[in-house]
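Right, one structure below, let's go through it.
The values are calculated or read from the model by the stated rules, or taken from the named source; none is laboratory data. The model shown is predicted, which means the values in this text are computed figures rather than measured ones. So basically every Cβ, Gly included, is an ideal-geometry build from the backbone, and we count neighbours across all protein chains shown. Note: areas computed on protein heavy atoms with side chains; ligands, DNA, RNA excluded. Shrake-Rupley method; radii C 1.70, N 1.55, O 1.52, S 1.80 Å.
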Amino acid sequence: MSEKKKPGAYSGYTQARKTANAKYEAETVERISLVVPKGHKADIKAHAEQRGESVNGFINRAIDEAMERDKGE
């Protein structure tokens, strides 16, 4: 049973999209690998979700807040 796709329907993650995303990320973001004790990742994720944040957003906010506090030392 083969289904026909509607015009304009999502056709998957194309190579052009992958290339565009890679270019955007190369120009706008940097990555940091974070190592946490076993089980802590789930705690971080749950905390972020309770606040309506992504894990990435929560970690970035925590870093920004710590850096701002540290300026006052």
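Structure data summary
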quantity	calculated
Residues of the stretch 11-23 that turn out to be part of a loop (DSSP other than H, G, I, E, B) and modelled with pLDDT of 75 or more, as a count	3
Some residue of the stretch 53-70 being among the aliphatic types (A, V, I, L, M) and open to solvent by 90 Å² or more (accessible area, probe 1.4 Å)	yes
Subset tally (residues that are without any contact (Cβ under 8 Å) to a residue 24 or more places away in the chain and assigned to a helix (DSSP H, G or I)) for the stretch 28-73	28
Residue in the stretch 20-31 that is under 21 Å from ILE63 (Cβ atoms), basic (Lys, Arg) and loosely packed, with under 10 Cβ neighbours inside 10 Å present	yes
